[in-house]
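Shown next, in C-alpha coordinates, is the structure this report addresses.
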Amino acid sequence: AGPDPAIQLIKERLSNVKHKILILSGKGGVGKSTVTSLLGHALAARKPDANVGILDADICGPSQPRVLGVRGEQVHNSGSGWSPVYVTDNLSVMSIGFLLASPDDAVIWRGPKKNGMIKQFLSEVDWGDLDYLLIDTPPGTSDEHLSAAQYLSAAGLSGALVVTTPQEVALLDVRKELHFCRKLGLPVLGVLENMSVFVCPNCNSRSEIFPATTGGARAMCAELGAALVGRLPLDPALARAADTGRDPLAPLADLPASPAVRALHDIA
Ligand code: ADP
(Lines give C-alpha, C1' and ligand atoms only; values in the text may rest on other atoms or scores of the structure.)
Protein backbone atom coordinates (compact mmCIF):
# COMPACT_ATOMS: atom_id res chain seq x y z
CA ALA A 1 0.00 0.00 0.00
CA GLY A 2 1.18 3.52 -0.72
CA PRO A 3 1.20 6.33 1.81
CA ASP A 4 -2.10 6.94 3.61
CA PRO A 5 -3.93 9.67 1.65
CA ALA A 6 -5.31 10.98 4.95
CA ILE A 7 -1.85 12.22 5.89
CA GLN A 8 -1.86 14.85 3.16
CA LEU A 9 -5.38 15.97 4.11
CA ILE A 10 -4.42 16.26 7.79
CA LYS A 11 -1.25 18.18 6.94
CA GLU A 12 -3.27 20.67 4.93
CA ARG A 13 -6.02 20.97 7.50
CA LEU A 14 -3.62 21.54 10.38
CA SER A 15 -1.25 23.83 8.50
CA ASN A 16 -2.90 26.84 10.22
CA VAL A 17 -2.36 25.37 13.69
CA LYS A 18 0.88 26.59 15.24
CA HIS A 19 1.28 24.29 18.25
CA LYS A 20 -0.19 20.81 18.34
CA ILE A 21 0.08 19.24 21.77
CA LEU A 22 -0.89 15.68 22.63
CA ILE A 23 -2.08 15.21 26.22
CA LEU A 24 -1.36 11.69 27.47
CA SER A 25 -1.80 9.74 30.68
CA GLY A 26 -0.84 6.24 31.68
CA LYS A 27 -3.93 5.68 33.82
CA GLY A 28 -7.52 6.89 33.70
CA GLY A 29 -8.79 9.16 36.41
CA VAL A 30 -5.56 11.06 37.00
CA GLY A 31 -7.15 14.29 35.75
CA LYS A 32 -6.01 14.37 32.12
CA SER A 33 -9.29 15.77 30.81
CA THR A 34 -9.51 18.29 33.63
CA VAL A 35 -5.94 19.42 33.00
CA THR A 36 -6.57 19.66 29.25
CA SER A 37 -9.61 21.87 29.74
CA LEU A 38 -7.84 24.01 32.32
CA LEU A 39 -4.83 24.43 30.08
CA GLY A 40 -7.15 25.43 27.24
CA HIS A 41 -8.88 27.98 29.45
CA ALA A 42 -5.61 29.24 30.87
CA LEU A 43 -4.03 29.70 27.43
CA ALA A 44 -7.13 31.40 26.03
CA ALA A 45 -7.50 33.70 29.05
CA ARG A 46 -3.86 34.61 29.25
CA LYS A 47 -3.54 35.29 25.53
CA PRO A 48 -6.79 36.87 24.33
CA ASP A 49 -5.34 37.26 20.82
CA ALA A 50 -4.53 33.57 20.60
CA ASN A 51 -7.03 30.96 19.43
CA VAL A 52 -7.09 27.68 21.30
CA GLY A 53 -8.77 24.43 20.22
CA ILE A 54 -9.36 21.24 22.17
CA LEU A 55 -9.85 17.98 20.31
CA ASP A 56 -11.40 15.30 22.50
CA ALA A 57 -9.89 12.17 20.97
CA ASP A 58 -11.23 9.95 23.74
CA ILE A 59 -13.74 8.26 21.47
CA CYS A 60 -15.21 5.87 24.05
CA GLY A 61 -15.13 8.23 27.03
CA PRO A 62 -15.50 11.78 25.76
CA SER A 63 -15.53 14.16 28.72
CA GLN A 64 -14.65 17.56 27.25
CA PRO A 65 -18.28 18.60 26.55
CA ARG A 66 -19.03 18.12 30.24
CA VAL A 67 -15.90 19.65 31.77
CA LEU A 68 -16.13 22.63 29.41
CA GLY A 69 -19.84 23.11 30.13
CA VAL A 70 -21.01 22.67 26.52
CA ARG A 71 -22.81 19.33 26.76
CA GLY A 72 -25.71 19.05 24.34
CA GLU A 73 -24.33 21.56 21.84
CA GLN A 74 -24.57 20.68 18.16
CA VAL A 75 -21.74 20.65 15.66
CA HIS A 76 -22.52 21.77 12.15
CA ASN A 77 -21.10 20.43 8.97
CA SER A 78 -20.53 23.01 6.30
CA GLY A 79 -18.69 23.02 3.00
CA SER A 80 -15.43 23.68 4.84
CA GLY A 81 -15.86 20.85 7.33
CA TRP A 82 -17.20 20.42 10.87
CA SER A 83 -17.43 23.63 12.87
CA PRO A 84 -16.22 23.13 16.45
CA VAL A 85 -18.26 24.32 19.43
CA TYR A 86 -17.13 27.64 20.92
CA VAL A 87 -16.71 27.71 24.69
CA THR A 88 -15.50 31.33 24.66
CA ASP A 89 -14.55 33.66 21.79
CA ASN A 90 -11.12 32.09 21.50
CA LEU A 91 -11.60 28.56 22.88
CA SER A 92 -13.27 25.91 20.74
CA VAL A 93 -13.78 22.18 21.16
CA MET A 94 -14.63 19.14 19.06
CA SER A 95 -15.73 15.86 20.58
CA ILE A 96 -17.59 12.73 19.60
CA GLY A 97 -19.80 13.65 22.57
CA PHE A 98 -21.50 16.22 20.33
CA LEU A 99 -22.39 13.54 17.81
CA LEU A 100 -24.15 11.20 20.22
CA ALA A 101 -27.91 11.30 20.58
CA SER A 102 -27.64 11.24 24.39
CA PRO A 103 -24.68 11.82 26.73
CA ASP A 104 -25.32 8.38 28.19
CA ASP A 105 -24.89 6.65 24.83
CA ALA A 106 -21.98 4.23 24.72
CA VAL A 107 -19.61 4.14 21.78
CA ILE A 108 -18.64 0.50 21.39
CA TRP A 109 -16.22 0.44 18.53
CA ARG A 110 -13.23 -1.64 17.63
CA GLY A 111 -9.84 -0.13 16.87
CA PRO A 112 -10.20 0.48 13.11
CA LYS A 113 -13.44 2.39 13.52
CA LYS A 114 -11.97 4.52 16.31
CA ASN A 115 -8.94 5.22 14.16
CA GLY A 116 -11.25 6.27 11.33
CA MET A 117 -12.95 8.74 13.65
CA ILE A 118 -9.64 10.22 14.76
CA LYS A 119 -8.56 10.52 11.14
CA GLN A 120 -11.82 12.33 10.41
CA PHE A 121 -11.46 14.64 13.41
CA LEU A 122 -7.94 15.57 12.37
CA SER A 123 -8.76 16.09 8.71
CA GLU A 124 -12.29 17.52 8.76
CA VAL A 125 -12.66 19.96 11.66
CA ASP A 126 -12.59 23.55 10.49
CA TRP A 127 -10.63 25.13 13.36
CA GLY A 128 -9.63 28.22 11.43
CA ASP A 129 -6.30 29.70 12.53
CA LEU A 130 -5.23 28.22 15.85
CA ASP A 131 -2.29 29.02 18.05
CA TYR A 132 -2.75 25.89 20.16
CA LEU A 133 -4.53 22.61 19.54
CA LEU A 134 -4.68 20.40 22.64
CA ILE A 135 -5.51 16.79 21.86
CA ASP A 136 -7.04 14.92 24.81
CA THR A 137 -6.46 11.19 24.33
CA PRO A 138 -7.76 8.09 26.14
CA PRO A 139 -5.52 6.67 28.87
CA GLY A 140 -2.75 4.29 27.92
CA THR A 141 -0.98 3.55 24.67
CA SER A 142 -3.58 1.99 22.43
CA ASP A 143 -4.38 1.93 18.75
CA GLU A 144 -5.81 5.44 18.81
CA HIS A 145 -2.56 6.82 20.20
CA LEU A 146 -0.58 5.16 17.48
CA SER A 147 -2.73 6.62 14.74
CA ALA A 148 -2.99 10.06 16.34
CA ALA A 149 0.78 10.10 16.86
CA GLN A 150 1.46 9.00 13.30
CA TYR A 151 -0.84 11.60 11.74
CA LEU A 152 0.21 14.40 14.05
CA SER A 153 3.91 13.69 13.57
CA ALA A 154 3.40 14.07 9.84
CA ALA A 155 1.56 17.36 10.44
CA GLY A 156 4.27 18.69 12.80
CA LEU A 157 3.46 17.75 16.40
CA SER A 158 4.97 20.12 18.99
CA GLY A 159 5.08 17.35 21.57
CA ALA A 160 3.32 15.46 24.30
CA LEU A 161 2.40 16.46 27.84
CA VAL A 162 1.97 13.53 30.23
CA VAL A 163 -0.40 13.86 33.20
CA THR A 164 -0.03 11.69 36.30
CA THR A 165 -0.71 11.57 40.03
CA PRO A 166 2.14 10.98 42.50
CA GLN A 167 1.00 7.40 43.14
CA GLU A 168 3.34 4.62 42.30
CA VAL A 169 0.70 2.76 40.27
CA ALA A 170 0.22 5.84 38.10
CA LEU A 171 3.94 6.52 37.72
CA LEU A 172 4.56 2.96 36.55
CA ASP A 173 2.24 3.62 33.63
CA VAL A 174 3.82 7.00 32.94
CA ARG A 175 7.12 5.24 32.42
CA LYS A 176 5.45 3.17 29.71
CA GLU A 177 3.99 6.34 28.24
CA LEU A 178 7.42 7.97 28.09
CA HIS A 179 8.90 4.89 26.45
CA PHE A 180 6.05 4.91 23.93
CA CYS A 181 6.92 8.52 23.04
CA ARG A 182 10.61 7.66 22.68
CA LYS A 183 9.87 4.69 20.45
CA LEU A 184 7.72 6.81 18.16
CA GLY A 185 10.10 9.75 18.24
CA LEU A 186 7.49 12.06 19.82
CA PRO A 187 9.04 14.95 21.74
CA VAL A 188 7.97 14.99 25.40
CA LEU A 189 7.19 18.55 26.52
CA GLY A 190 7.01 17.40 30.10
CA VAL A 191 5.17 15.66 32.88
CA LEU A 192 2.48 17.35 34.97
CA GLU A 193 1.79 15.91 38.40
CA ASN A 194 -1.86 16.36 39.35
CA MET A 195 -3.41 15.97 42.82
CA SER A 196 0.10 16.35 44.24
CA VAL A 197 -0.90 17.74 47.56
CA PHE A 198 -4.02 18.93 49.38
CA VAL A 199 -3.88 22.39 50.88
CA CYS A 200 -6.51 22.69 53.61
CA PRO A 201 -8.65 25.76 52.91
CA ASN A 202 -9.17 26.25 56.66
CA CYS A 203 -5.72 25.91 58.13
CA ASN A 204 -3.48 25.97 55.01
CA SER A 205 -1.67 22.83 56.10
CA ARG A 206 -0.43 20.60 53.28
CA SER A 207 -1.34 16.90 53.17
CA GLU A 208 -0.01 14.32 50.77
CA ILE A 209 -3.16 12.38 49.87
CA PHE A 210 -1.40 10.05 47.44
CA PRO A 211 2.01 9.69 49.04
CA ALA A 212 4.70 8.58 46.64
CA THR A 213 7.12 6.11 48.11
CA THR A 214 9.86 6.84 45.61
CA GLY A 215 9.82 10.61 45.21
CA GLY A 216 6.81 10.99 42.91
CA ALA A 217 6.96 12.46 39.44
CA ARG A 218 9.97 14.60 40.31
CA ALA A 219 12.22 11.60 40.93
CA MET A 220 10.89 9.74 37.91
CA CYS A 221 11.45 12.73 35.63
CA ALA A 222 14.99 13.15 36.90
CA GLU A 223 15.68 9.47 36.24
CA LEU A 224 14.18 9.45 32.75
CA GLY A 225 15.40 12.88 31.65
CA ALA A 226 11.92 14.44 31.31
CA ALA A 227 10.89 17.88 32.56
CA LEU A 228 8.42 18.18 35.45
CA VAL A 229 6.41 21.13 34.17
CA GLY A 230 4.13 21.55 37.13
CA ARG A 231 2.42 20.13 40.19
CA LEU A 232 -1.29 20.81 40.60
CA PRO A 233 -2.83 20.46 44.04
CA LEU A 234 -5.98 18.49 44.77
CA ASP A 235 -8.59 21.20 44.77
CA PRO A 236 -12.27 20.67 45.64
CA ALA A 237 -13.15 23.83 43.69
CA LEU A 238 -11.72 22.24 40.54
CA ALA A 239 -13.63 19.01 41.04
CA ARG A 240 -16.85 21.00 41.45
CA ALA A 241 -16.13 23.14 38.40
CA ALA A 242 -15.49 20.01 36.31
CA ASP A 243 -18.72 18.40 37.46
CA THR A 244 -20.87 21.43 36.77
CA GLY A 245 -19.01 22.42 33.61
CA ARG A 246 -18.53 25.88 34.98
CA ASP A 247 -15.52 27.64 33.55
CA PRO A 248 -13.09 27.51 36.46
CA LEU A 249 -11.01 30.40 35.17
CA ALA A 250 -13.51 32.95 33.88
CA PRO A 251 -14.97 33.77 37.27
CA LEU A 252 -11.50 34.02 38.74
CA ALA A 253 -12.97 36.39 41.27
CA ASP A 254 -14.87 33.40 42.66
CA LEU A 255 -11.82 31.22 42.87
CA PRO A 256 -9.02 33.52 43.90
CA ALA A 257 -7.61 31.00 46.31
CA SER A 258 -7.61 28.06 43.93
CA PRO A 259 -4.00 26.89 44.04
CA ALA A 260 -4.49 24.58 41.06
CA VAL A 261 -5.71 27.41 38.85
CA ARG A 262 -2.77 29.57 39.89
CA ALA A 263 -0.33 26.78 39.14
CA LEU A 264 -1.85 26.26 35.68
CA HIS A 265 -1.64 29.93 34.84
CA ASP A 266 2.06 29.73 35.60
CA ILE A 267 2.53 26.78 33.26
CA ALA A 268 0.54 28.29 30.41
P1 ADP B 1 -8.98 11.51 33.34
O2 ADP B 1 -9.25 12.38 32.15
O3 ADP B 1 -7.51 11.32 33.58
O4 ADP B 1 -9.72 10.22 33.35
P5 ADP B 1 -10.54 13.47 34.81
O6 ADP B 1 -10.00 14.74 34.30
O7 ADP B 1 -11.86 13.02 34.30
O8 ADP B 1 -9.47 12.30 34.63
O9 ADP B 1 -10.56 13.58 36.39
C10 ADP B 1 -11.04 12.54 37.23
C11 ADP B 1 -11.79 13.16 38.41
O12 ADP B 1 -10.89 13.87 39.25
C13 ADP B 1 -12.84 14.17 37.97
O14 ADP B 1 -13.95 14.04 38.80
C15 ADP B 1 -12.17 15.52 38.20
O16 ADP B 1 -13.10 16.54 38.50
C17 ADP B 1 -11.28 15.24 39.39
N18 ADP B 1 -10.03 16.05 39.41
C19 ADP B 1 -9.08 16.11 38.46
N20 ADP B 1 -8.06 16.91 38.84
C21 ADP B 1 -8.39 17.39 40.07
C22 ADP B 1 -7.75 18.27 41.01
N23 ADP B 1 -6.55 18.81 40.77
N24 ADP B 1 -8.40 18.52 42.17
C25 ADP B 1 -9.62 17.96 42.42
N26 ADP B 1 -10.25 17.13 41.60
C27 ADP B 1 -9.66 16.82 40.42
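The values are calculated or read from the model by the stated rules, or taken from the named source; none is laboratory data. Model, not experiment: these values are computed from the prediction. In this analysis, Cβ positions are derived from the backbone assuming ideal geometry, glycine residues included, and neighbour counts consider all displayed protein chains.
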Tell me whether the range 21-42 contains one or more residues that are modelled with pLDDT under 95, assigned to a loop (DSSP other than H, G, I, E, B), more than 16 Å from the ligand (Cβ to nearest atom) and not hydroxyl-bearing (Ser, Thr, Tyr). no
May I ask you to list the residues in the range 198-233 that are touching a Gly at 6+ places or on another chain (Cβ under 9 Å), in a strand (DSSP E or B) and aliphatic (A, V, I, L, M)? Leu228, Val229
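Scan the range 50-66 residue by residue and report those that are outside any loop (DSSP other than H, G, I, E, B) and closer than 26 Å to Asn16 by Cβ.
At the first step, the residues of the range 50-66 found to be outside any loop (DSSP other than H, G, I, E, B) are 52-56, 64-66.
Answer for the range 50-66, where residues must be outside any loop (DSSP other than H, G, I, E, B) and closer than 26 Å to Asn16 by Cβ: Val52, Gly53, Ile54, Leu55, Asp56, Gln64, Pro65.
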When the range 234-253 is checked residue by residue, the ones that are within 20 Å of Phe198 (Cβ to Cβ) and either assigned to a helix (DSSP H, G or I) or at pLDDT below 80 (or both) are Pro236, Ala237, Leu238, Ala239, Arg240, Ala241, Ala242, Asp243, Pro248
